[in-house]
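Data first, discussion second: the structure below is written as structure tokens.
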Amino acid sequence: MYKLIVANWKNNPATEEEAVNLAGKTDHENLVICPPLHFLKSVAGVVKKSPLGAQDLPESSAVELKNLGVKYVILGHSDRRSIGETNETIARKLSLALSLDFIPILCVGETWEEKQSGRKEEVLREQIKVVPSGSNIYVAYEPVWAISTSGSGQRDNPVESLETIKFLKSLVQAHFLYGGSVASKNIGDYLKYEEIEGALVGGASLMPEEILSMI
Ligand code: PGA
């Protein structure tokens with residue numbers, strides 16, 4: 001079964017030159033490359049095989065992203081939710097994305113505090129409500145506390161994430177990815193399940209050999 005691997009560079013690399021260099025080294029038809037928005041244009045100039053993704057869909061740049069050849073858009077990443085992006089805003093961006101024929105990758109996931117206080121399912125239910133029925137969309141389940149840069153230091157258990165993805169699947173029809181400290185040493189623990197159709201990779205996607213070994 002085909003699995004979708006998405007390289008979410010987040011705020012990296014530091015310079016345009018490094019971004020172009022990393023894109024050139026990891027250009028591969030099975031890897032979606034999502035550079036920071038400000039490097040998209042230069043990265044679009046070098047990738048020949050990788051589909052391009054954007055890390056957000058600012059309404060003002062939607063047409064420009066389309067013209068650059070961007071195919072996927074990541075929406076609702078925890079970095080954006082943590083600076084105040086609401087489910088309402090995400091819903092608006094999601095319908096804009098679908099109207100422009102982007103393939104959305106909606107990130108959902110609970111924080112450690114939400115998990116500990118027994119609110120995980122409630123939070124996920126609210127976050128997933130924005131998905132319109134019958135749309136072609138990916139949902140990435142990323143427990144916020146398992147993301148390498150969130151600094152919680154908590155380890156995720158793949159079986160528990162599989163159960164969460166099954167729960168989400170019972171609520172909406174979508175393709176499901178997993179994200180949160182995915183690396184070559186653990187990617188197989190997720191992708192072995194048919195319910196998990198790919199991975200959203202952050203930190204490890206900045207290391208060419210590492211990310212290429214995952215696709
Ligand atoms: P990580 O990031 O792989 O570095 O944990 C994933 C993400 O934030 O999408």
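So how exposed is M207, as accessible area in Å² (1.4 Å probe, rounded to 10)?
Its accessible surface works out to 100 Å², give or take rounding.
Measuring from label point to label point, each 7 Å out along Cα→Cβ, what is the K66 to S117 span in nm?
It is 4.1 nm.
Longer than 26 Å from Cα to Cα, which of K41/K185; K48/K192; K10/K115 are they? Say none if no pair is.
Pairs exceeding the cut-off: K41/K185; K48/K192.
Under a straight-distance cross-link criterion of Cα-Cα below 18 Å, which lysines are reachable from K129, leaving out those fewer than 8 residues away in the same chain?
K93, K120, K166, K169
Rg and Dmax of the stretch 74-215, Cα atoms, in Å?
14.5, 39
Remind me, relative contact order of the stretch 1-133 in percent, using alpha carbon pairs under 8 angstrom and six or more residues apart?
Reported relative contact order: 17 percent.
Taking the chain as a Gaussian network, Cα atoms linked when under 10 Å apart, which of G188, G45, G118 shows the biggest mean-square fluctuation?
The residue that fluctuates most here is G118.
Using a probe radius of 1.4 Å on heavy atoms only, what accessible surface per residue do you get for the chain? Whole Å² is fine.
Per-residue value: 46 Å².
Taking the alpha-carbon centroid of each part, what is the distance from the stretch 140-175 to the stretch 42-69 in angstrom?
27
Using DSSP to define loop residues, name the GluC sites (Glu not before Pro) in the stretch 1-84 whose beta-carbon has at most 13 other beta-carbon atoms within 10 Å.
E29
I'd like the carbon and sulfur percentage of the solvent accessible area for the chain, probe radius 1.4 Å, heavy atoms only, ligands and nucleic acids excluded.
49
Using θ = phi - 60° and the Karplus form 6.51 cos²θ - 1.76 cosθ + 1.60, what ³J(HN,Hα) does each residue of the stretch 78-85 get, whole Hz, x for Gly and Pro?
These are the phi-based 3J(HN,Hα) values: 4, 4, 7, 4, 5, 9, x, 5 Hz.
Going by average Cβ density within 10 Å per residue, which order do the peptides 192-205, 85-98 take, highest to lowest?
So the order, starting with the most tightly packed, is 192-205, 85-98.
List every residue whose amide H lies under 5 Å from the amide H of A140, counting only residues 5 or more places away in sequence or on a different chain, with H placed 1.01 Å from N in the peptide plane.
L106, C107, V108, L177
Among rounded, prolate and oblate, which fits the stretch 1-137 when a ≥ b ≥ c are the square roots of the eigenvalues of its C-alpha gyration tensor, a/c under 1.5 means rounded, and a/b larger than b/c means prolate?
Numbers: a/c = 1.87, a/b = 1.60, b/c = 1.17.
Judged from the Cα gyration tensor, the stretch 1-137 comes out prolate (a/c at least 1.5, a/b above b/c).
To the nearest 10 square angstrom, how much accessible area does D56 have with a 1.4 angstrom probe?
Roll a 1.4 Å probe over it and D56 shows about 10 Å².
The values are calculated or read from the model by the stated rules, or taken from the named source; none is laboratory data. The shown structure was predicted, so the numbers you read here are calculated from the model rather than taken from an experiment. Every residue, glycine as well, gets a Cβ built from its backbone with ideal geometry; the counts of neighbours run over all protein chains shown. With ligands, DNA and RNA removed, areas are computed over all heavy atoms of the protein, side chains included. Shrake-Rupley method; radii C 1.70, N 1.55, O 1.52, S 1.80 Å.
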